[in-house]
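S.K.: First, the structure itself, so that you have it in front of you.
The values are calculated or read from the model by the stated rules, or taken from the named source; none is laboratory data. Not measured: the values here are computed from a predicted model. Neighbour counts are summed over all protein chains in view; Cβ atoms, including those assigned to glycine, are modelled from backbone coordinates with ideal geometry. Heavy atoms of the whole protein, side chains included, go into the accessibility calculation; ligands, DNA and RNA do not. Shrake-Rupley method; radii C 1.70, N 1.55, O 1.52, S 1.80 Å.
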Amino acid sequence: MNDQLPGASDTFLSDMLNNGSTERNNILNDSKYENNMTWIDGQPQEFYPTIPHYDQNYHDAYLTDSDRHSATYTGFLACCTVIVNMVVIISISVNIKTRSNVFYKQVINFSFTNVVIGIFILPLTVYEILYIWEIGNFMCKFFTIADVVIPFVSFLIVIILSCDRLIYLSHPNLYSWLYQKTLTWVVLTSPWAVSIIIVVPLWTTGYTHYHDIPVCFHNISEVAKVLSPILTYFIPCIIIAILSFMLLLRVRFSQRNSDRYETNRVTTNNNMFENEDSRAPCTPVHALSEMGKRDLVSQTDHPRNVIESSPSTFIRQDTTRSNTFRDERKLAKRKVFAVCKINALYCVMWFPFQFVSLLLSVCNSSSCVPSSTMIHIITLLAATSSALAPLVWFNDSELQDNLKSIPGRLVQLKYSFLKSSKTVKTQESIESEETFV
């Protein structure tokens, strides 16, 4: 997660290259380093010499307690991120109802990006902090670009989840048509494609200063430094804020309409029952004609007619339908609130990191650079969102039921496996016996 902020190795290099030490003066005066100038757009830029003796001992000498604590927390965070997101994926996959749901497919896509962060990005961040970079420049570029692409994919998936809930509440027919089989795969793969198209050109137009020392430090152009946080964070955050506001308004509006519908429905049913009672005069049996008595006996002999004409049956059916509608509305509301919580969580936790990145890209003064401890704090705050945000999904009652059913499914799977193995052994023993006539 140190793609745009200086790390431990960069602090060492900046200290050595920007102070007025005699070592730097000797290097500058040495003729064998005169070919190590970096030229950009025809203008000589900062001088970055080759340091043959930069090894693990030098790297360890410039490590601080803040660096070591940051590496420890990052390793712990990587384990937590993988475990939490894998539990979310498993809890969705164990049930065919949630596994085939379009909304939960997007949740799996969101959790998969966090798993990639926990398996690939965070361990390489620990390696970059504690050790010298000995796995090549290509891996360094791939790591720095992936460090921007994967979080941007998460932001785009959060935007799609917000649009999913908004379309579901506003236009159910459009939602059922939109999320067909083909379009569902387009929706799932579009965040990855858009992120790669936007980020890769920005981060491949840069240049690397340190070619001959084992440090992963990839620099980009000044325009890309400004555009990167704007395109990957600030614009998505504005969209997320607008969608969250529209979702909350839609939930409030639908709740008011549903309450009005419930009131009108109960009033209509009560009037219907009253009208039915008023239309059925209470006529004594002895005053009926012979035809009326036969009709009364035939209605009594057929319970179906009595049930269909009974107001209590209407009440029972209407209550069941109302309870089902109320449960569906409550579940949809919980999903909306979960999406809004993740929207707020992601925007808030990533704001310090992206703000400092933008500040460093537009400010050339050394007073704009925060301390190394502050850099570690805001970087780890952004990385923690990949482990903290998935916990919000466990407020969903369907995922809670799936988690509770996992032990039973494991026991059932073990029992079926043992039963099948016993059947196979019995069949083998039968086939191995000799039959004598």
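For every residue, the table says whether it meets (1) modelled with pLDDT under 90; (2) open to solvent by less than 80 Å² (accessible area, probe 1.4 Å); (3) in a helix (DSSP H, G or I).
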{"position": "L227", "(1), (2), (3)": "no, yes, yes"}
{"position": "I230", "(1), (2), (3)": "no, yes, yes"}
{"position": "F234", "(1), (2), (3)": "no, yes, yes"}
{"position": "I238", "(1), (2), (3)": "no, no, yes"}
{"position": "L249", "(1), (2), (3)": "no, no, yes"}
{"position": "N257", "(1), (2), (3)": "yes, yes, yes"}
{"position": "Y261", "(1), (2), (3)": "yes, no, yes"}
{"position": "M272", "(1), (2), (3)": "yes, yes, yes"}
{"position": "S278", "(1), (2), (3)": "yes, no, yes"}
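S.K.: Okay, next question. Six or more apart or on different chains, Cβ under 8 Å: which pairs go from a residue in the stretch 170-195 that's of a type outside the set (S, T, N, Q) to one that's open to solvent by 90 Å² or more (accessible area, probe 1.4 Å)? Could you list them?
M.R.: Matching pairs, first to second residue: Y175/Y168.
S.K.: Go through the stretch 61-89 residue by residue and tally those that are open to solvent by 60 Å² or more (accessible area, probe 1.4 Å) and not in a loop (DSSP other than H, G, I, E, B).
M.R.: 10
S.K.: Starting from the stretch 344-358, keep only residues that are under 12 Å from L227 (Cα atoms) and touching a residue at least 24 places away in the same chain (Cβ under 8 Å), then list their pairs with residues that are open to solvent by less than 40 Å² (accessible area, probe 1.4 Å) and assigned to a helix (DSSP H, G or I) whose Cβ atoms are within a distance under 7 Å, requiring at least 6 positions of separation or different chains.
M.R.: Listed pairs, sorted by first residue: Q354/P229; Q354/Y233; S357/P229; L358/P229.
S.K.: Here is a follow-up. Which one of these is open to solvent by less than 60 Å² (accessible area, probe 1.4 Å) and either within 30 Å of P407 (Cα to Cα) or assigned to a helix (DSSP H, G or I) (or both): I119, I92, I132?
M.R.: After applying the criteria, what remains is I92.
S.K.: Working only within the stretch 176-215, note down all residues that are among the small types (G, A, S) and either surrounded by fewer than 17 Cβ atoms within 10 Å (Cβ to Cβ) or modelled with pLDDT under 85 (or both). Full working, then the answer.
M.R.: So the first thing to find is which residues in the stretch 176-215 are among the small types (G, A, S), and the list is 176, 190, 193, 195, 206.
Within the stretch 176-215, S176, S190, A193, G206 meet the criteria.
S.K.: Is the stretch 144-152 home to any residue that is of a type outside the set (A, V, I, L, M) and open to solvent by 20 Å² or more (accessible area, probe 1.4 Å)?
M.R.: Scanning the stretch 144-152, I find no residue that is of a type outside the set (A, V, I, L, M) and open to solvent by 20 Å² or more (accessible area, probe 1.4 Å), so the answer is no.
S.K.: Let me ask you something else. Determine whether T98 is hydroxyl-bearing (S, T, Y) and in contact with a Phe, Trp or Tyr (Cβ under 8 Å, 6 or more places away or on another chain).
M.R.: So T98 fits the description; yes.
S.K.: Collect the residues in the stretch 365-383 that are among the aliphatic types (A, V, I, L, M) and modelled with pLDDT of 85 or more, keeping them in residue-number order.
M.R.: Hits for the stretch 365-383 are M374, I375, I377, I378, L380, L381, A382, A383.
S.K.: Output the residues belonging to the stretch 363-405 that are of a type in the set (G, A, S) and either surrounded by 16 or more Cβ atoms within 10 Å (Cβ to Cβ) or part of a helix (DSSP H, G or I) (or both).
M.R.: The answer is S366, S367, S372, A382, A383, S385, S386, A387, A389, S397, S405.
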